[in-house]
Amino acid sequence: MFQKHLQKASDSVVGGTLYVVATPIGNLADITLRALAVLQKADIICAEDTRVTAQLLSAYGIQGKLVSVREHNERQMADKIIGYLSDGMVVAQVSDAGTPAVCDPGAKLARRVREAGFKVVPVVGASAVMAALSVAGVAESDFYFNGFVPPKSGERRKLFAKWVRAAFPVVMFETPHRIGATLADMAELFSERRLMLAREITKTFETFLSGTVGEIQTALAADGNQSRGEMVLVLYPARDEKHEGLSESAQNVMNILAAELPTKQAAELAAKITGEGKKALYDFALSCKNKDLI
């Protein structure tokens, strides 16, 4: 039965086509039969890192001609790939892990090939985004995928401010050397917000940490190993908190002060003036900023 389906997948592979092939994000067993069939029949395999892809091919006994197609040479290589397709060859595009063109090289190549009149066919497979969402327990059918979080704190904080009142989960990638700073920025804006950190998905040291941002910070501080490896963050939707409890005059005072002062300082001063709670005033100001940013 296994060979029957592999052969059927192989028979469906046609020349003059660029196949965008998803590869495992960690566990080699997560590759699909169709991906194996395409890689076996491919005349040319475009790889982000030929050394990484060579290991994958070796694990399945596949011999293939590898060419390097990376972020820095993708535009230049596109003409060569189009030439191969013009000769009727089967070309496969892979990244080091997961699906090409999603936070990885491949989008420019796919666009150029399609513009040249050749078919671009997806070969679906493992996805870190969907893997993390599948175990996060979020019930919302819609979500936002951000990709990698900005490396600079100011840019991160501006981005996070957009999600203060988000009614949908947000999925993002982060690197080990920045995770501490990113969580620190999150803690200031999402003090009670739930977060899941999915680490090394499908690999030996796969870990899922869930709790408030502060609880995730504590877990990482207690175990340095939790700051290593590939990371996916799932920020849970904001609670549907209303601001009807704030009087109109208090909201007006907060708006005026927030236009001139840092939000935290404005909330402290507005609380003294109006007698309203500092946190409620602070949350109100953030929700207003969020609407402006959107």
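Please give the calculated 222 nm ellipticity per residue for the chain, where each DSSP H segment of at least 4 residues contributes -39500 (n - 2.57) and the sum is spread over every residue; nearest 500 deg cm²/dmol?
Details: 12 runs with 129 residues, N = 294.
For the chain, the value works out to -13000 deg cm²/dmol.
Using the structure shown, list the pairs from 162/272; 162/264; 4/41; 4/119; 158/264 with a Cα-Cα distance above 24 Å, or answer none.
162/272; 4/119
I'd like the projected area of the chain, averaged over all directions, using the convex hull of its alpha carbons. Report it in nm² with one decimal.
If I average the Cα hull's projected area over directions, I get 18.8 nm².
Can you sort 239, 194 by solvent-accessible area, 1.4 Å probe, largest first? Don't jump to the answer; show the numbers that get you there.
Details: 239 170, 194 115 Å².
Order by accessible area, largest first: 239, 194.
Semi-axes, largest first, in whole Å: what does sqrt of 5 times each Cα gyration tensor eigenvalue give for the range 245-286?
That gives 13, 10, 9 Å for the three semi-axes.
Ignoring everything but the protein chains, give the 1.4 Å probe accessible area of residue 119 in square angstrom, nearest 10.
120 Å²
By how many nm would the segment from residue 279 to residue 11 lengthen if fully extended, with 0.36 nm per residue of separation less the alpha-carbon distance? Present the calculation step by step, with values, prior to reporting the outcome.
On the way: separation 268, 0.36 × 268 = 96.48 nm, distance 6.31 nm.
Computed gain between residue 279 and residue 11 is 90.2 nm.
Give me, ordered by chain and number, the residues 5 or more places off residue 123 or on other chains with an amide H under 5 Å from its own placed amide H.
20, 21, 22
Just to confirm, what accessible area per residue do you get for the range 66-105 at 1.4 Å probe, in whole Å²?
Details: 1860 Å² over 40 residues.
For the range 66-105, the per-residue accessible area is 47 Å².
Out of the range 40-99, which GluC sites (Glu not before Pro) are coil in DSSP terms and have no more than 15 other C-beta atoms within 10 Å?
Listed in order of number, the matching sites are 71.
Give the carbon-plus-sulfur fraction of the accessible surface of the range 1-115 in %, rounded to a whole number; probe 1.4 Å, heavy atoms of protein chains only.
The value for the range 1-115 is 49 percent carbon and sulfur by accessible area.
Hey, in the GNM for the chain with a 10 angstrom Cα cutoff, which one of 237, 100, 122 fluctuates hardest?
Between 237, 100, 122, it is 122 that shows the largest mean-square fluctuation.
With a 1.4 Å probe and all protein chains in place, put 72, 5 in order of accessible area, largest first.
If we order 72, 5 from most to least accessible, we get 72, 5.
So who's got an amide H within less than 5 Å of the one on residue 166, skipping anything under 5 residues away but keeping other chains? H placed 1.01 Å off N, in plane.
Here 238 satisfy the definition.
Which of the chymotrypsin sites (Phe, Trp or Tyr not before Pro) across the range 170-221 are loop residues per DSSP, with 14 or fewer other Cβ within 10 Å?
Loop-located and lightly packed - 205.
The values are calculated or read from the model by the stated rules, or taken from the named source; none is laboratory data. Bear in mind the structure is a predicted one, so any value in this text is a computation, not a measurement. Glycine also receives a Cβ, built like all others from the backbone with ideal geometry; neighbour counts cover every protein chain displayed. Surface accessibility is based on the protein's heavy atoms, side chains included, excluding ligands, DNA and RNA. Shrake-Rupley method; radii C 1.70, N 1.55, O 1.52, S 1.80 Å.
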